[in-house]
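The structure's right below; bear with me while I get my questions together.
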Amino acid sequence: AEGLAAAARRELSETHGQMEALLTALLETCRPGATDRGMKIAAYARTLADRFGIPEPLRADLEFAARFHEIGLLPGSPPVSEGAPEPWRTVHAAKQILGHVTGFQEAAEIVGIIYENWDGTGYPDGLAGALIPLSSRIIRFADTIDAMTSDRPYRQSLSESQVRAELVKCRAKQFDPLITDKLLSSSHWTQIFATGETTSRA
């Protein structure tokens, strides 16, 4: 029986690996650069997971959710209410897609609520504070950091002071205040801006 269980675990692991490769290929074909962004966001999420002591068994779902939260941008993704904000419509579609894949249901749940706000004004359920799972709060932070520190067609990446000001402004509104405070005082925060490329954009 033990041998059968080990074989089943290996088979499941192989299936997960194949599915990750398929999702990566689909996402990169339709949204070039999305897989690199996903890996970067997952790296930020991993660092925050270290600081907040997320157990190793939960990190796989956290990192998978961070990597593939943009899967809802694929053409033909499940529709959602037209009145919903665009970012949430994307993660809602991602939740629907990932939720149909065996073994990825937990990641799907994490993805589906990354746009809940600490003050209860987010989507889809208006969850507030600690009712928002820590993994979802972490990905929200990681995604925001990546967005602000990356060049966009309409603007350059923001400087350290600009990013810090925005996070402080949204502390206890969009973002978990404890994550905000710990991140801004951590060595990882200084490493994000250690290259000096942002110093000319105060």
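The values are calculated or read from the model by the stated rules, or taken from the named source; none is laboratory data. For clarity, every value in this text was computed on a predicted model and none was experimentally measured. Cβ coordinates were reconstructed from backbone atoms using ideal geometry, including for glycine residues, and neighbour counts include every protein chain displayed. What goes into the accessible areas is simple: the full protein's heavy atoms, side chains included, and nothing from ligands, DNA or RNA. Shrake-Rupley method; radii C 1.70, N 1.55, O 1.52, S 1.80 Å.
Does T190 meet the test of being in contact (Cβ under 8 Å) with a residue 24 or more places away in the chain and surrounded by fewer than 16 Cβ atoms within 10 Å (Cβ to Cβ)?
no
Scan segment 22-43 for residues that are touching a residue at least 40 places away in the same chain (Cβ under 8 Å), of a type in the set (D, E, K, R) and either farther than 20 Å from T149 by Cβ or touching a Lys or Arg at 6+ places or on another chain (Cβ under 6 Å) (or both) and report the count.
0
For segment 96-129, name all the residues that are under 28 Å from S159 (Cα atoms), of a type outside the set (V, I, T) and buried (at least 16 other Cβ atoms within 10 Å of the Cβ).
Y115, E116, N117, W118, G122, listed by residue number.
A further question on this structure: Pick from segment 130-178 the residues that are among the β-branched types (V, I, T) and in a loop (DSSP other than H, G, I, E, B): which of them is least open to solvent (accessible area, probe 1.4 Å)?
Taking segment 130-178 and keeping what is among the β-branched types (V, I, T), we get 132, 138-139, 144-145, 149, 163, 168.
Still in the list and also in a loop (DSSP other than H, G, I, E, B): 132, 149.
On the way: I132: 4, T149: 29 Å².
Across segment 130-178, the extreme among qualifying residues is I132.
Scanning for something among the hydrophobic types (A, V, I, L, M, F, W, C), farther than 12 Å from S135 by Cβ and open to solvent by less than 70 Å² (accessible area, probe 1.4 Å), does segment 28-40 turn up at least one residue?
Step one: filter segment 28-40 for residues among the hydrophobic types (A, V, I, L, M, F, W, C), giving 30, 34, 39.
Those still in the list that are farther than 12 Å from S135 by Cβ too: 30, 34, 39.
Checking the rest, the ones that are also open to solvent by less than 70 Å² (accessible area, probe 1.4 Å) come to 30, 34.
Yes, some residue in segment 28-40 is among the hydrophobic types (A, V, I, L, M, F, W, C), farther than 12 Å from S135 by Cβ and open to solvent by less than 70 Å² (accessible area, probe 1.4 Å).
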